[in-house]
Amino acid sequence: MRLTAFLAFGKKPIGFKYRGKNRVVKEIKPYELKALRKDYERTEMNMMWLRHPYLTVEQSYGHMSHFNRTKEFFIECARLRNEKFAKHVTIAERLEHLKVSEKWD
């Protein structure tokens, strides 16, 4: 009786709990508001730096021209990368551990 009375009172959503007309709306916590405010402040600061850059367009033109990023530079980078990781291995080298002796039984 008491359980039935307890469950009968109060408004409960019909169907899925968090969707529709009779949904349960989560209460907003103060730390969530604080995090949102901090996020907005960060976004506003980023937009301010984008609107007012440190260098003008004329000052930043050609600022990396002293780096000669030519085809030779990229070839050298690829060679260094291949030295570390992509070593060429033959099938004989892969199966060398299977060779115990040269003579046939």
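The values are calculated or read from the model by the stated rules, or taken from the named source; none is laboratory data. These numbers come from a predicted model, not from an experiment. Cβ: placed from backbone, ideal geometry, glycine included. Neighbour counts: every protein chain shown. Accessible surface areas use protein heavy atoms only, side chains included; no ligands, DNA or RNA. Shrake-Rupley method; radii C 1.70, N 1.55, O 1.52, S 1.80 Å.
With a cut-off of at least 3 residues that are modelled with pLDDT of 95 or more and open to solvent by less than 100 Å² (accessible area, probe 1.4 Å), name the helices (runs of 4 or more DSSP H) lying wholly within the range 1-60.
By residue number, 30-51.
Just to verify a result, which residue in the range 24-64, among those that are among the β-branched types (Val, Ile, Thr) and closer than 30 Å to ILE14 by Cα, is nearest to the chain's Cα centre (by Cα)?
ILE28
Can you tell me which residue is surrounded by the fewest Cβ atoms within 10 Å (Cβ to Cβ) among those in the range 65-105 that are in a loop (DSSP other than H, G, I, E, B) and of a type in the set (A, V, I, L, M)?
VAL100
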